[in-house]
Amino acid sequence: MADPQQPGEGAEGATFTIDKIYVKDLSLENPGAPQSFMTQEQPHIEVGLRTRGEQVQPDVYECVLTVTLTAKVDDKTLFLVEASQAGIFTIRGVAPDQMQPVIAINCPTVLFPYVRETLSDAIIRAGFPPVHLAPINFEGLYRQQLAQAQAQPVPAAVN
């Protein structure tokens, strides 16, 4: 399943290879069944998103994209599903100062279609209509997080 790609602008000689994509964790709660199937109201869907990446060998990184979906009607939870989709990526020829954007943007972008399918399948198997997540701009999220981190005041040193 090798898929070499260019991981970023100006990354000449850089390689980005997908070695393995897998479900690391999957959790489903259907606390109101069977009464929850009787509701006629459209549920409100809350989406939570987390990513993390770590080096597991030289030039080899694991990235995990975790998405949590909670469907509620009023204060009652119809279902809660959380999937952690992971991938092992070989990344070579990227400067150390450019590795964080590759891990935070390129890897989750690859993983997102897989986690989207995993969540939709789990929700269908729980007896509900599928939830189709809209595409996510991971580059925009990364830039937004950087801007927020830079805008936070640095705490003063305590002597």
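The values are calculated or read from the model by the stated rules, or taken from the named source; none is laboratory data. This structure is a prediction, so every number in the text was calculated from the model and none was measured. When we count neighbours, we look across all protein chains shown, and the Cβ atoms used for this are built from the backbone with ideal geometry, even at glycine. To get the accessible areas, we keep the full protein, side chains included, count just its heavy atoms, and leave off ligands, DNA and RNA. Shrake-Rupley method; radii C 1.70, N 1.55, O 1.52, S 1.80 Å.
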Practice task
Give the residue that is nearest to the chain's Cα centre (by Cα), with candidates limited to residues of the stretch 114-159 that are modelled with pLDDT of 95 or more and of a type in the set (Ser, Thr, Tyr).
Solution key: TYR114
Handout entry: Those residues of the stretch 67-82 which are touching a residue at least 24 places away in the same chain (Cβ under 8 Å) and among the hydroxyl-bearing types (Ser, Thr, Tyr), in sequence order
Key = THR70, THR77
Problem - Count - residues of the stretch 105-134 that are open to solvent by 20 Å² or more (accessible area, probe 1.4 Å), touching a Phe, Trp or Tyr at 6+ places or on another chain (Cβ under 8 Å) and of a type in the set (Gly, Ala, Ser) - result: 1
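Going through the stretch 73-97 one residue at a time, which ones are crowded, with 16+ Cβ neighbours inside 10 Å and not hydrophobic (A, V, I, L, M, F, W, C)?
Restricting attention to the stretch 73-97, the residues satisfying the condition of being crowded, with 16+ Cβ neighbours inside 10 Å are 77-91, 94.
Those that are crowded, with 16+ Cβ neighbours inside 10 Å and not hydrophobic (A, V, I, L, M, F, W, C): THR77, GLU82, SER84, GLN85, GLY87, THR90.
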Completion exercise
Residue count, the stretch 27-56, condition in contact with a Phe, Trp or Tyr (Cβ under 8 Å, 6 or more places away or on another chain) and of a type in the set (A, V, I, L, M), comes to 1
